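Enquirer: Pasting a structure below so you can have a look.
The values are calculated or read from the model by the stated rules, or taken from the named source; none is laboratory data. What you are looking at is a predicted structure, and each value in this text was computed from that prediction instead of being measured. Don't worry about glycine lacking a Cβ; one is built from the backbone with ideal geometry, like all the others, and counts go over all protein chains shown.
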Ligand SMILES: Cc1cc2nc3c(=O)[nH]c(=O)nc-3n(C[C@H](O)[C@H](O)[C@H](O)COP(=O)(O)OP(=O)(O)OC[C@H]3O[C@@H](n4cnc5c(N)ncnc54)[C@H](O)[C@@H]3O)c2cc1C
Ligand SMILES: Nc1nc2c(ncn2[C@@H]2O[C@H](COP(=O)(O)OP(=O)(O)OP(=O)(O)O)[C@@H](O)[C@H]2O)c(=O)[nH]1
Ligand SMILES: [Mg+2]
């Protein structure tokens, strides 16, 4: 549409090359995943000139929400059957995650005011798998008292433990009740309240959202804070601590991309980077795409845009996207639920997550439910790892399985001016990913992100 | 007269520099800047139009340049009830651009959207009569063929700008306005409201 503008010329352009977009930028961002879009949004708000590219014709990279066409194309599954419904009614997340209502991602959305582009809905139910049964994670003290998860005396101990956690404030020694959580391990803390291992398991996995049991032997503080986030989030919106953006998680990167765009950022989808260009000190100075080239002071991107030697593999995650024509059985007929299967319940080290969302959240056509089962791979047979999760789903109409290798950068990026994000983690929420994002921001800018000031001070408010 | 307020999302489309931002700024703030920066900052404005039977509140989404390389985020048109496609009467390429935006909308929208979608094309910079390159009648005929509203506007002298929005407001099916949704925006939280079990 916008007709070819007059191309500028630059003295640094090699013979035969054309400038890519405006040619010169402060930052080039590769990939439109959530982390990349948040970084480009924050940088452009600070006045940097940003060019963001993506090899796909959609926003979101690994964490996109795809319509049927793109989903079937991604999995080489032919054409989607018409019985599923209209293409556009589907926004299928490639990485299933839910947002803690009072977690760090929410803070980031508020800080940047990207909230104004998005609407959210609560996830109705949060469940945990115990001894072959799906049980509701109690949302209120009354539910806790009725819950078959614990015996009567255990319930009282559970209550006093939660009261302790609720009032605990690491800056106020009078709330410590003589416990030093920087030294005491999580296991010791549970034991100091007389809680039995079964209860440790359900609190740690279904409420603190720990992925395995490593935290039990570590100082309790971090885990206690996670429990606080869970409890505050739960008290905020309803029956589960999770919220979810209508039309899928893909709205998150899109929202941040809009923040970047209104501050002058340039976007090019459907445009791959063929080569990163370095100066003789090994610092990245730009990118090449076809016969076009752009320069920048540094580049940022997800691991898939960088040469192998700049990243290392950290593990593998299997994710199964399933279409159902019914809600997940045994969850009170709720449309939107999360079920956590603590690893030890099914002889695994790592938990399995099951999450189901449907048309009420605008991710599928009416009557179709999208359930995603995911876990960290422990062996090398993806299909076997997810069996306990799939077994909870009842009849599955269609299943897409993918195994993703996760990567992290080998260096902080200051030497080669290549700032690389880590792949999304195996957890069912964004807390760890926001930590990676904050670290990336600090590496790029040299500053900590102060989430107390508003990055966006434009007058275009409601 | 009813005090019913209907909310509608309205998106602006069109080639760069045709005057999209100027149109919005004229409509919302009644201002005009000769040297309007390419959309920076304000890409989300609201303005109301009072009709006899209802008040229409427009949430106006300006493109913010993502259209330059055809990289508009789907969230931009999602839920939009109306689109204004702007061209510049002194620039025939921008009229060709407007036509391809109309095609894009027709391709993307399904019947539901099309019924609810009010397309308008606005030939902007109508104050520059002496440099006109797009014939009014030709544009009008094209709009009629496609069942869309057409007006020539000037953000500079404010001619027809308000009228354009009023026409759109009138033709929006009020009954079909976006249903009350249970979805909510997230708002700043107060730490005191914590009450754990
Ligand atoms: C004015 C207007 C109003 C609209 N209102 C609504 C509405 O109220 N509700 C509604 O649901 N839709 C609405 N749409 C349509 C919707 O925004 C998109 O058309 C739809 O999301 C894309 O799916 P598709 O199957 O139509 O397109 P496809 O033909 O499958 O794709 C069209 C193009 O869209 C891009 N694309 C497709 N999927 C994605 C993705 N997941 N992420 C990023 N880019 C992608 C690609 O570039 C692709 O080439 C509206 C469109 C317009 C123009
Ligand atoms: N004479 C005249 N000039 C106008 C009119 N409307 C806009 N302009 C001028 O056209 C130029 C571009 O206007 P913008 O509103 O920034 O155009 P835009 O479509 O928002 O451009 P992008 O944001 O780049 O897509 C500015 O220099 C305006 O002063 C008009 O009605 N008459
Ligand atoms: Mg503009």
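Enquirer: Take the residues of region B:76-102 that are more than 16 Å from ligand 3 (Cβ to nearest atom) and in a helix (DSSP H, G or I): which is modelled with the lowest pLDDT?
Expert: The qualifying residue modelled with the lowest pLDDT is B:102.
Enquirer: At least 1 residues that are away from chain B (no Cβ under 11 Å) and within 16 Å of ligand 2 (Cβ to nearest atom) in each: list the strands (runs of 3 or more DSSP E) lying fully within region A:5-110 that qualify.
Expert: none
Enquirer: Filter the helices (runs of 4 or more DSSP H) completely within region B:103-197 down to those with at least 2 residues that are surrounded by fewer than 18 Cβ atoms within 10 Å (Cβ to Cβ) and modelled with pLDDT of 85 or more. Break it down stepwise before answering.
Expert: Values: elements: B:111-116, B:136-145, B:161-171.
Where helices (runs of 4 or more DSSP H) fall fully within region B:103-197 and carry at least 2 residues being surrounded by fewer than 18 Cβ atoms within 10 Å (Cβ to Cβ) and modelled with pLDDT of 85 or more, they are B:136-145, B:161-171.
Enquirer: State which residue pairs qualify: first residue closer than 17 Å to residue A:32 by Cα and more than 7 Å from chain A (Cβ to nearest Cβ) and inside region B:61-74, second residue assigned to a loop (DSSP other than H, G, I, E, B) and within 13 Å of ligand 3 (Cβ to nearest atom) in any location, beta carbons under 8 Å apart, and separation of 6 or more residues or different chains.
Expert: B:72/B:63; B:72/B:66
Enquirer: If you check every pair at least six apart or on different chains, which have Cβ atoms under 6 Å apart with a residue in region B:1-30 that is away from chain A (no Cβ under 11 Å) first and a residue that is within 10 Å of ligand 3 (Cβ to nearest atom) and assigned to a strand (DSSP E or B) second?
Expert: These pairs meet every condition: B:20/B:12; B:20/B:86.
Enquirer: Tally time: how many residues in region A:111-127 are more than 10 Å from chain B (Cβ to nearest Cβ), more than 21 Å from residue A:259 (Cα to Cα) and not in a loop (DSSP other than H, G, I, E, B)?
Expert: Going through region A:111-127 one residue at a time, the tally reaches 3.
Enquirer: Give me the residue from region B:35-54 that is within 14 Å of chain A (Cβ to nearest Cβ) and at pLDDT 85 or above and, out of that set, farthest from ligand 3 (Cβ to nearest atom). Before you say what the answer is, go through the steps one by one.
Expert: Step one: filter region B:35-54 for residues within 14 Å of chain A (Cβ to nearest Cβ), giving B:36-48.
Filter once more, keeping what is at pLDDT 85 or above: B:46-48.
Details: B:46: 17, B:47: 16, B:48: 22 Å.
Checking each candidate, the answer is B:48.
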